[in-house]
Amino acid sequence: MNVIITGANRGIGLELTKRFCEQKASVFALCRHSSSELNHLKSIGVKVFEGVDVTKSETLKQVSKELSGVELDVLVCNAGILKDESMKTMDSIDADSCLEQFNVNALGPLRTFAAFRPHLKKAAKVMMITSRMGSITDNSSGGHVGYRMSKCALNIATISLKHEFQSDGFVFGLFHPGWVQTEMTGKTGHLTPEESSRLLIKRLSELNAQTSGSFWHPEGEILPW
Ligand SMILES: NC(=O)c1ccc[n+]([C@@H]2O[C@H](COP(=O)([O-])OP(=O)(O)OC[C@H]3O[C@@H](n4cnc5c(N)ncnc54)[C@H](OP(=O)(O)O)[C@@H]3O)[C@@H](O)[C@H]2O)c1
């Protein structure tokens, strides 16, 4: 099994990389800058590509070129950012912050999909790491306006991809990883990155043509839009 993953140097991306290695997958780990933990995985065959920024198509396309002839079973769009914004504490909307999150969280996965689409096998799985914070129904607390908008946009974009690429056999999953103890959350949360990644791998195994386009909680519950 060949897997490619963005944001593989830390957090959930790093742990997913480890889980795929446990499954004896060949992992292509993309990141802006590697980490000692990710470098350590080179000894078990992980191929690390640095300088890959999901806001820069050319960096993704460069890797795509380097992988000429490689066919992928799984594409994981994991890279993401979270900015803290509450409209209550702002005089005006922080458009730069909203745009930055939109660029990374919504457009980043689209750029990644576009760059690696030629490598995807028929029936390849595309794993979009989204967030429950992108659910409109589930938004009972407010705040994080830009982050919520960006993940909501990712969700609807993924449904469009599902329809457009059905005939290619690609299947798409939208996966909330839980509230996870990573740098993004200041190491708070209910799940360790390892626990989250184990649940995500289980959910990925359930992804098929029938379940394509579902928005999953890591425990298996289908989340409302
Ligand atoms: N942690 C949670 O509770 C939680 C909950 C819901 C959803 N999520 C989602 O889960 C995913 C992983 O988050 P995490 O918790 O593991 O966060 P994290 O520890 O902050 O890691 C974020 C990863 O994304 C990468 N990244 C950010 N901007 C990038 C860019 N422009 N180009 C390439 N890589 C970029 C980071 O790379 P650098 O090291 O170069 O910055 C890092 O590898 C994100 O999509 C996040 O929205 C997390």
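Every number in this text was worked out from the coordinates using simple rules, so none of it is lab data. All values derive from a computational prediction rather than experimental measurement. Because the Cβ atoms are built from the backbone with ideal geometry, glycine has one as well, and the counts that use them run over all protein chains shown.
For T158, are the conditions met, namely being touching a Ser or Thr at 6+ places or on another chain (Cβ under 8 Å), under 18 Å from A79 (Cα atoms), hydroxyl-bearing (S, T, Y) and within 14 Å of the ligand (Cβ to nearest atom)?
Yes; evaluated as a whole, the condition is true for this residue.
Of the residues T188, T192, which single one is in contact with a helix residue (DSSP H, G or I) (Cβ under 9 Å, 6 or more places away or on another chain), under 25 Å from K83 (Cβ atoms), among the polar types (S, T, N, Q) and surrounded by fewer than 21 Cβ atoms within 10 Å (Cβ to Cβ)?
Numbers: T188 fails: in contact with a helix residue (DSSP H, G or I) (Cβ under 9 Å, 6 or more places away or on another chain).
Residue meeting the stated conditions: T192.
Could you check, for the stretch 36-52, whether at least one of its residues is of a type in the set (D, E), closer than 18 Å to M184 by Cα and more than 14 Å from the chain's Cα centre (by Cα)? Give the steps one after another, and end with the answer.
First, the residues of the stretch 36-52 that are of a type in the set (D, E): 37, 50.
If we keep only those that are closer than 18 Å to M184 by Cα too, we end up with 37.
Among the residues that remain, those that are also more than 14 Å from the chain's Cα centre (by Cα) are: 37.
So far as the stretch 36-52 goes, yes, one or more of its residues are of a type in the set (D, E), closer than 18 Å to M184 by Cα and more than 14 Å from the chain's Cα centre (by Cα).
Does D96 satisfy being charged (D, E, K, R) and over 25 Å from R198 (Cα atoms)?
Yes; evaluated as a whole, the condition is true for this residue.
Quick grid of which residues meet (1) under 20 Å from the mean Cα position of the chain (by Cα); (2) surrounded by fewer than 19 Cβ atoms within 10 Å (Cβ to Cβ):
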residue	(1), (2)
Q62	yes, yes
K65	no, yes
G69	no, yes
V76	yes, no
I81	yes, yes
E85	no, no
D91	no, yes
E100	yes, yes
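Could you check how many residues of the stretch 1-31 are of a type in the set (S, T, Y) and surrounded by 19 or more Cβ atoms within 10 Å (Cβ to Cβ)?
Looking only at that region, the number is 2.
Taking the stretch 55-83 only, how many residues are more than 13 Å from the ligand (Cβ to nearest atom) and either of a type in the set (G, A, S) or touching a residue at least 40 places away in the same chain (Cβ under 8 Å) (or both)?
At the first step, the residues of the stretch 55-83 found to be more than 13 Å from the ligand (Cβ to nearest atom) are 61-62, 64-75.
Within this subset, residues satisfying the condition of being either of a type in the set (G, A, S) or touching a residue at least 40 places away in the same chain (Cβ under 8 Å) (or both) are 61, 64, 67-75.
The total comes to 11.
E164: more than 11 Å from the ligand (Cβ to nearest atom) and either free of Cβ contacts under 8 Å to residues at least 12 places away in the same chain or within 20 Å of P218 (Cα to Cα) (or both), yes or no?
Answer is yes for this residue.
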